[in-house]
Amino acid sequence: MLAHWREIGLFDQVKNLRKGSPPWVFYEGPPTANGSPGLHHVWARVFKDLYPRFQTMRGRHVPRKGGWDCHGLPVELEIEKELGFHHKDDIEAYGIAKFNDRCRESVQRYVGDFAEITQRAAVWIDTKDAYWTLSNDYIESVWWLVRRLWDQGLLDEGRRVVPYCGRCGTALSSHEVALGYREVTDPSMYVRFPLVDDDADLLVWTTTPWTLISNVAAAVGADIAYVRVRDARGGRDLIMAAARAGDDVEVVARLTGRDLVGRHYARPFDYLPLDDTGGRVVAADFVSTDDGSGIVHLAPAFGADDMETARVEGLPVLNPVGPDGTFDATVAPYRGRFVKDADEDIIADLDRRGLLVRRQPYVHSYPHCWRCGTPLIYWAKTAWFVRTTARQADLVGQNEIINWYPEHIRHGRFGDWLAKNVDWAVSRDRYWGTPLPIWRCVEGHDTCVGSVAELGELAGRDLGDLDLHRPFVDDVTFRCPQADCSARATRLTPVLDAWFDSGSMPSAQHHYPFADRRAFEEAFPADFICEAIDQTRGWFYTLLAVNTLVFGETPYRNVVCLGHIVDGDGQKMSKSRGNVIDPWHIFESFGADSLRWYFFASGSPWTSRRVSEEGIREAARKTLLTLWNVFSFFATYADLDGWSPTGESPRPTHALDRWVLDRLDVTIAAVTEALDDFDALTGATHLATFVDDLSNWYVRRSRPRFWKASDAVAHATLHHCLVATAQLLAPFCPFLADALYTALTGETSVHLSDWPEAGRDVDRTLASEMDVGRRLVGLGRAARTEARVRVRQPLRRALLLHPGAELSDDVRREVADELNVKVLEDVESLAGLMSWTVVPNFKALGPRLGPRVNQVKQALAAAAGSELKQALDEQGFIEVAGERLGPDDVEVRAREHEDFALAQEGAWAVAIDLDLDDALRLEGTARELVRALNDLRRVVGLALSDRIELCLDVSSAPRSAAAVDAHRDWIKGEVLAVSLETASLGPAASHRHPIDIDGERVVVELHRS
Ligand SMILES: [Zn+2]
Ligand SMILES: [Zn+2]
């Protein structure tokens, strides 16, 4: 199919067909071209494909520009691993130009893999026309956006405590931090800070022992109540918050935080010199008594609250930690060690000096680098920020007009995220990224450059050929354009957060505003984006932030958030667990359509989805294979009868034809509504139900009309249903749908067709009667199964109880036929199907009536049980032998009519009359014979239309002999025999076939006539 599509240029044909139609805009959230694509990529991509295909068939022009996220840490890390690098120094020694070349090559390699899997999954995203965030054009557009932020005063350099990865040597944004939380156990400890002018110690709690080296103050809450308690182990008194002291302490004194402020203590470590401004108690608002001791140690270099308090209190910032996250030479014993790795030795040192009161493991959720897994530290550094908090109200307001699927994301996950918005740290001290377009002269004047042309003008040369990446862009310097300044300006070294790149895609993918501006302006905002749910803190957020800040508007209207996929047991798929499902394996063994169908039809897309091969196989079998079988059935008989479509809509009179066309219309309407509402599961479920109805009711009931009657209206009806089903299926399973559609219509492709319209007035009466009929058939089948009467044995009658539901003759005929009964009779109540006897409850009546109970017993036995039951049901009592008896006085015993097999459901029931006479038995045998002969036709390789001459040896099979006599012509018709002889055939031979009919041996000889 793919080869065929390629050959006829189908993708371009579809594009051209809808050109000029009203657009329906899809934005591709660019996959990070790093690592081979996995099943979860296919999961997201098929949803990105479903709705654009649907809208295209609805007549919209749907651009599907692909995109690749090329920059950023993930790519750098991959190359570092390849080259065996551990630190940024290694990269600089290797050479930034060479390093970035390798990053570029790596991206190109993976892009190829992604393009291939995209095509194989029948996902129509245009990978040939994709945007690459590494291209000069893309980078230039990002610069333009940065400049817009700069002009609005929304770009800021600040020394702040930021989440920082020591291994990667760069700060992370809050949404990156949110991606990497892990449950870990850290040491938590209570430490003594001895007061210098008193024989008491402050009790301080911390979970980051390594920060104690940089301690400059201890913070208390001014109004918090503190206590001074005796140390149970005989040490100096301890001071802590009253609320944290517990009950079994001996309180020596009570005081408030205010009493403690200004007092000096001996710092736990003195590697770093500190003057009198430090080592004292200060008051701070953030101190609480929720955990710890109510006294917080302050290390301003490593905590945002600490830093703010230090600013207010004029405390120094002591930072002995380098950009690689290790202690520097000022802390000699720990020099070169990653700070968190020094925790144990620091604790041991405190313990030796009697300063450790208690330690315990502390389990908490701690942020790690989402790419390399190193625990992050909070570290004071200079970074560039987008001041999203200044526009928080706009972000929140725009969120209100986005349609989220599922809806709860708006005020849940995403709304919460926006409510806690912090400024976006966008600078990265790295190499492979969009360079921050800011140049600074030695006087400290900053120039933000918004285009290559502008940079060229400043530099005084044509930069049209410049690779905008590092290190080449770093070589461009210019004279500071500030008035009265002529110092050299050089670029600040950071690159931009790669999430800024992807958030810029609506305009940058069209090289806005440098290329044709309409391409962007006509495609903004998007009607539809779709990614996994974690993008609420990733792309969904950065897209909203960049575009709201620059263009004042949300860049997307509808967003579908997918849950994550897990294995069949609900476990996350990972290489180490060995439970990863390779999408290529699924494509090769089940086909892409099976996987797609399973993704759409077997569960909600919003929650974690279990994926197993068994599940995929089962989903495909249930619906796709069933549909294929219906198609084969149709094709076989259309071929036999020489039927071909006339192009006219069928004008059915037969109830089954009318019914199935109505069902089709209802299905078209339901699938359309579901897909309009981005509800793949509901759409797929309606479609699956229709395929089931088509196969297990329409075709099943209509077989004779194809098989014997060559009914042209039936052919036309089934053809119409299959064509429309193929169209409805097209966005879900593009390959199968196209195979069906082209075979049925001879047209070029289902994907060039218009979505079917539900046009007819549905006959609701017929629909509900057919439902009634099918429900009664279900009960009748259950009754037959229960009584173990084989399906082919005709039975005299079925009695139907279906209160409140009508049944027309047309539908009755189908029910009788399907249940293989001669007559259907309606009954008014169960009374016709069951009998009841009412007997005394001796436990209740014995003591009350004494010996008279026997009279009652006889009277009950003599009365009609069903009338007694009815009276009891209706009036709550019966009068027998002069006694009034209530429900507790008697016992009602139900007995099924012995000639009936009964199945009940609620107030409904079907009873099959099992009483057989010879005529019915003979007919049953004749049907068995037909079934066996038709099996035999297949076994010997006859074509469906072959006529045969038939000879049966029934000399030792008297029942079969009688059946042949009674039903000769009917049997001939059912097995396409031009003649049917009975004769003694002598010993078995290769062309004689013995068959077993109801325990009798019949020998068959048949020849093509
Ligand atoms: Zn890292
Ligand atoms: Zn200057």
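Filtered by the rule that a residue be surrounded by 14 or more Cβ atoms within 10 Å (Cβ to Cβ) and either within 16 Å of ligand 1 (Cβ to nearest atom) or in contact (Cβ under 8 Å) with a residue 60 or more places away in the chain (or both), the range 76-96 gives E76, L77, E78, I79, E80, F85, H87, K88, I91, I96. Within the range 827-851, being among the aliphatic types (A, V, I, L, M), more than 54 Å from the chain's Cα centre (by Cα) and surrounded by fewer than 17 Cβ atoms within 10 Å (Cβ to Cβ) holds for V839, A844.
Of the residues making up the range 270-305, those that are part of a helix (DSSP H, G or I) and out of contact with any Phe, Trp or Tyr (no Cβ under 9 Å at 6 or more places or on another chain) number 1.
Scanning the range 676-710 for residues that are of a type in the set (G, A, S) and either buried (at least 21 other Cβ atoms within 10 Å of the Cβ) or in a helix (DSSP H, G or I) (or both) yields A680, G683, A684, A688, S695, S702.
Quick grid of which residues meet (1) closer than 21 Å to S106 by Cβ; (2) open to solvent by less than 20 Å² (accessible area, probe 1.4 Å); (3) in contact with a helix residue (DSSP H, G or I) (Cβ under 6 Å, 6 or more places away or on another chain):
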| residue | (1), (2), (3) |
| --- | --- |
| I8 | no, no, no |
| F11 | no, no, no |
| S21 | no, no, no |
| E28 | yes, yes, no |
| N34 | yes, no, yes |
| R53 | no, yes, no |
| H71 | yes, yes, yes |
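Beta carbons closer than 6 Å, at least 6 apart along the sequence or on distinct chains, pair a first residue in the range 348-373 that is away from ligand 2 (no atom under 16 Å from the Cβ) and among the hydrophobic types (A, V, I, L, M, F, W, C) with a second that is open to solvent by 70 Å² or more (accessible area, probe 1.4 Å) and outside any loop (DSSP other than H, G, I, E, B) for V363/T185.
Each row is one residue, and each column tells you yes or no for (1) within 30 Å of L2 (Cα to Cα); (2) within 16 Å of ligand 2 (Cβ to nearest atom); (3) at pLDDT 95 or above; (4) in contact with a Ser or Thr (Cβ under 9 Å, 6 or more places away or on another chain).
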site: V46; (1), (2), (3), (4): yes, no, yes, no
site: K81; (1), (2), (3), (4): no, no, no, no
site: H86; (1), (2), (3), (4): no, no, no, no
site: D89; (1), (2), (3), (4): no, no, no, no
site: A93; (1), (2), (3), (4): no, no, yes, no
site: A97; (1), (2), (3), (4): no, no, yes, no
site: C103; (1), (2), (3), (4): no, no, yes, no
site: Y110; (1), (2), (3), (4): yes, no, no, yes
site: A121; (1), (2), (3), (4): yes, no, yes, no
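Those strands (runs of 3 or more DSSP E) of the range 154-210 in which at least 1 residues are more than 16 Å from ligand 1 (Cβ to nearest atom) and over 27 Å from V282 (Cα atoms), considering only elements entirely within it, cover 155-165, 181-194.
If you filter the range 232-247 down to residues that are of a type in the set (A, V, I, L, M) and modelled with pLDDT under 90, you find that the one that is nearest to H297 (Cα to Cα) is A245.
Contact map, the range 415-428: first residue assigned to a helix (DSSP H, G or I), second residue hydrophobic (A, V, I, L, M, F, W, C), Cβ cut-off under 7 Å, separation 6 or more or different chains; pairs are L418/L395; L418/V396. Note on the range 1-32: residues that are in contact with a strand residue (DSSP E or B) (Cβ under 8 Å, 6 or more places away or on another chain) and assigned to a loop (DSSP other than H, G, I, E, B) amount to 11. Among the numbered conditions (1) over 27 Å from Y698 (Cβ atoms); (2) surrounded by 19 or more Cβ atoms within 10 Å (Cβ to Cβ); (3) of a type outside the set (G, A, S), the only one that E883 does not meet is (2). Could you tell me whether any residue of the range 361-377 is more than 29 Å from E183 (Cα to Cα) and either more than 16 Å from ligand 1 (Cβ to nearest atom) or open to solvent by 10 Å² or more (accessible area, probe 1.4 Å) (or both)? For the range 361-377, residues more than 29 Å from E183 (Cα to Cα) and either more than 16 Å from ligand 1 (Cβ to nearest atom) or open to solvent by 10 Å² or more (accessible area, probe 1.4 Å) (or both): absent. Pairs are defined by a Cβ separation below 9 Å, a sequence spacing of at least 6 or placement on different chains, a first member in the range 158-183 that is on the phi > 0 side of the Ramachandran plot, and a second member that is within 13 Å of ligand 1 (Cβ to nearest atom); the pairs so defined are G169/H87; G169/K88; G169/P323; G169/D324; G169/G325; G169/D429; G169/R430. In the range 415-445, of all residues being of a type in the set (D, E, K, R) and within 16 Å of ligand 1 (Cβ to nearest atom), the one that is nearest to S174 (Cα to Cα) corresponds to R428.
Restricting to the range 517-555, what's the tally of residues that are of a type in the set (F, W, Y), surrounded by fewer than 24 Cβ atoms within 10 Å (Cβ to Cβ) and in contact with a strand residue (DSSP E or B) (Cβ under 8 Å, 6 or more places away or on another chain)?
2
Applying the condition of being in a loop (DSSP other than H, G, I, E, B) and open to solvent by 20 Å² or more (accessible area, probe 1.4 Å) to the range 488-511 and asking which residue is nearest to ligand 1 (Cβ to nearest atom) yields T493. The set of residues in the range 871-903 being at pLDDT below 85 and closer than 30 Å to A816 by Cα consists of A894, R895, E896, H897, E898, D899, F900. The sole residue among S695, S710 that is at pLDDT below 95 and of a type in the set (S, T, Y) is S710. Looking at the range 418-475, which of its residues are within 16 Å of ligand 2 (Cβ to nearest atom) and not small (G, A, S)? I438, W439, R440, C441, V442, E443, H445, D446, T447, C448, V449, L458 - these are the residues of the range 418-475 that are within 16 Å of ligand 2 (Cβ to nearest atom) and not small (G, A, S).
Against the numbered list (1) away from ligand 2 (no atom under 16 Å from the Cβ); (2) under 29 Å from K88 (Cβ atoms), A489 comes up short only at (1). Counting only residues that are of a type outside the set (A, V, I, L, M, F, W, C) and farther than 20 Å from S835 by Cα, the range 848-878 holds 6 of them. When L776 is tested against (1) crowded, with 17+ Cβ neighbours inside 10 Å; (2) under 30 Å from D593 (Cβ atoms), exactly one condition is not met: (2).
If a residue must be exposed (fewer than 14 other Cβ atoms within 10 Å of the Cβ), farther than 19 Å from E313 by Cα and among the β-branched types (V, I, T), how many such residues does the range 228-279 contain? Selection size over the range 228-279: 2. Taken over the range 441-476, the criterion of being assigned to a loop (DSSP other than H, G, I, E, B) and open to solvent by less than 40 Å² (accessible area, probe 1.4 Å) is satisfied by V449, G450, S451, L463, L466, L468, H469, R470, P471, V476. When the residues of the range 241-269 are filtered to those that are assigned to a loop (DSSP other than H, G, I, E, B) and in contact (Cβ under 8 Å) with a residue 24 or more places away in the chain, the one that is nearest to G354 (Cα to Cα) is P268. Considered as a group, the residues in the range 140-173 that are small (G, A, S) and buried (at least 20 other Cβ atoms within 10 Å of the Cβ) include one that is farthest from T374 (Cα to Cα), and that residue is S141.
Filter the range 325-350 down to the residues that are part of a helix (DSSP H, G or I) and open to solvent by less than 20 Å² (accessible area, probe 1.4 Å) and list them by number. Scanning the range 325-350 gives Y334, V339, A342, D343, I346, I347, L350.
The values are calculated or read from the model by the stated rules, or taken from the named source; none is laboratory data. Just so it is clear, the structure is predicted and the values come from calculations on it, not from any experiment. Here Cβ is always computed from backbone atoms with ideal geometry, including for glycine, and neighbour counts include all displayed protein chains. SASA here: full protein model, heavy atoms, side chains in, ligands and nucleic acids out. Shrake-Rupley method; radii C 1.70, N 1.55, O 1.52, S 1.80 Å.
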